[in-house]
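A.B. asks: Handing you a structure now.
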Amino acid sequence: SQQGEEDPQALSIQEGENATMNCSYKTSINNLQWYRQNSGRGLVHLILIRSNEREKHSGRLRVTLDTSKKSSSLLITASRAADTASYFCATVPPGQGAQKLVFGQGTRLTINP
Amino acid sequence: EPEVTQTPSHQVTQMGQEVILRCVPISNHLYFYWYRQILGQKVEFLVSFYNNEISEKSEIFDDQFSVERPDGSNFTLKIRSTKLEDSAMYFCASGYRIYEQYFGPGTRLTVT
């Protein structure tokens, strides 16, 4: 089974709408992070939520974490065309090396003007 | 704002050739990483480096791969004899704290 699986795999919405992406994982975690990747570019760190936190905000981003369901969601409010990108969750599982990030497959988000 | 840089942005090489991918991490960072992303697939961890030695490596990081921090600023990934399946984007990352990783823009490696 894969650690860090996002759904949906692709999401297309109108500018101004909210976008919600989900991530599920299999093992326990130290923290969960969300990254954005514009086409063909590097990964940009968006937000980190620790295993003892339930919700975190950063600007238009809201991340929730439910460790009982082993899931997280990323909400982008009032979406803009510039938010078009792939979004990945990444986990740091304890006991598997405290350093490496384990990435999901990603959600491809398209914001239509 | 300081950032991780990588060179070259695109490298084309023939199967069996050696390649060196270069990274300049953010200057006060202590942890260094390489990841790769095969087209259309997940970003996969290759190796982490701390205190001048490998601290963790994945199954992908076999004897064909090596890393070096030759001069205290650059961080390199060498693939000794490239295979077609090594074609991917290679990302370098660095961090001051163990959980925070800042990624470079990547090097696209194409093996023909």
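A.B. asks: Provide a single number: the residues in segment A:45-62 that are of a type in the set (Ser, Thr, Tyr) and either in a loop (DSSP other than H, G, I, E, B) or in contact (Cβ under 8 Å) with a residue 40 or more places away in the chain (or both).
C.D. replies: Restricting attention to segment A:45-62, the residues satisfying the condition of being of a type in the set (Ser, Thr, Tyr) are A:51, A:58.
In the following step, the residues that additionally are either in a loop (DSSP other than H, G, I, E, B) or in contact (Cβ under 8 Å) with a residue 40 or more places away in the chain (or both) were identified as A:51.
Number satisfying all stated conditions: 1.
A.B. asks: Anything in segment A:82-99 that is outside any strand (DSSP E or B) and modelled with pLDDT of 85 or more? List them, or say none. Before you say what the answer is, go through the steps one by one.
C.D. replies: Pass one, segment A:82-99, residues outside any strand (DSSP E or B): A:82-84, A:93-99.
A:Ala82, A:Asp83, A:Thr84, listed by residue number.
A.B. asks: Checking the condition touching a residue at least 40 places away in the same chain (Cβ under 8 Å) and more than 14 Å from chain B (Cβ to nearest Cβ), which residue from A:Leu65, A:Leu109 passes?
C.D. replies: Numbers: A:Leu65 fails: touching a residue at least 40 places away in the same chain (Cβ under 8 Å).
Matching residue, one of A:Leu65, A:Leu109: A:Leu109.
A.B. asks: Hey, could you check segment A:30-44 for residues that are within 11 Å of another protein chain (Cβ to nearest Cβ) and not in a strand (DSSP E or B) and say which is surrounded by the fewest Cβ atoms within 10 Å (Cβ to Cβ)? Outline the logic, then answer.
C.D. replies: Pass one, segment A:30-44, residues within 11 Å of another protein chain (Cβ to nearest Cβ): A:30-33, A:35-38, A:40-44.
Pick out the ones that are also not in a strand (DSSP E or B) and you get A:30, A:38, A:40-42.
On the way: A:Asn30: 16, A:Asn38: 13, A:Gly40: 10, A:Arg41: 14, A:Gly42: 20.
Here the residue is A:Gly40.
A.B. asks: Moving to a separate point now. Which one of B:Ile20, B:Ile54 is without any contact (Cβ under 8 Å) to a residue 24 or more places away in the chain, assigned to a strand (DSSP E or B) and either surrounded by fewer than 17 Cβ atoms within 10 Å (Cβ to Cβ) or among the aliphatic types (A, V, I, L, M) (or both)? Don't jump to the end; show me each part of the working.
C.D. replies: Details: B:Ile20 fails: without any contact (Cβ under 8 Å) to a residue 24 or more places away in the chain.
So the residue among B:Ile20, B:Ile54 that is without any contact (Cβ under 8 Å) to a residue 24 or more places away in the chain, assigned to a strand (DSSP E or B) and either surrounded by fewer than 17 Cβ atoms within 10 Å (Cβ to Cβ) or among the aliphatic types (A, V, I, L, M) (or both) is B:Ile54.
A.B. asks: Can you find, within segment B:23-42, the residue that is farthest from the chain's Cα centre (by Cα) among those that are part of a strand (DSSP E or B) and not basic (Lys, Arg)?
C.D. replies: The first filter runs over segment B:23-42 and keeps only residues part of a strand (DSSP E or B), leaving B:23-24, B:31-37.
Applying the additional criterion that residues be not basic (Lys, Arg) yields B:23-24, B:31-35, B:37.
Values: B:Cys23: 7, B:Val24: 11, B:Tyr31: 13, B:Phe32: 9, B:Tyr33: 6, B:Trp34: 3, B:Tyr35: 6, B:Gln37: 11 Å.
In this case the residue turns out to be B:Tyr31.
A.B. asks: For segment B:80-110, name all the residues that are part of a strand (DSSP E or B) and open to solvent by 10 Å² or more (accessible area, probe 1.4 Å).
C.D. replies: Within segment B:80-110, the first condition is being part of a strand (DSSP E or B), and the residues that meet it are B:88-95, B:102-103, B:107-110.
Those that are part of a strand (DSSP E or B) and open to solvent by 10 Å² or more (accessible area, probe 1.4 Å): B:Met89, B:Tyr102, B:Phe103, B:Arg108, B:Thr110.
A.B. asks: Please verify whether B:Lys83 is of a type in the set (Lys, Arg) and within 11 Å of chain A (Cβ to nearest Cβ), treating the condition exactly as stated.
C.D. replies: Numbers: of a type in the set (Lys, Arg): yes; within 11 Å of chain A (Cβ to nearest Cβ): no.
No: the conditions fail for B:Lys83.
A.B. asks: Can you list residue pairs whose Cβ atoms sit under 7 Å apart, with the first residue in segment B:80-108 being more than 19 Å from B:Ser48 (Cα to Cα) and the second being at pLDDT 90 or above and crowded, with 17+ Cβ neighbours inside 10 Å? Count only pairs 6 or more apart in sequence or on different chains.
C.D. replies: Going by the 7 Å Cβ cut-off, the qualifying pairs are B:Thr82/B:Val19; B:Thr82/B:Val111; B:Lys83/B:Val111; B:Leu84/B:Val111; B:Ser87/B:Leu109; B:Ser87/B:Val111; B:Arg108/B:Met89.
The values are calculated or read from the model by the stated rules, or taken from the named source; none is laboratory data. Note that the structure is predicted; figures quoted are calculated from it, not measured. FYI the Cβ positions are ideal-geometry reconstructions off the backbone, even for glycines, and counts take in every protein chain you see. Accessible surface areas use protein heavy atoms only, side chains included; no ligands, DNA or RNA. Shrake-Rupley method; radii C 1.70, N 1.55, O 1.52, S 1.80 Å.
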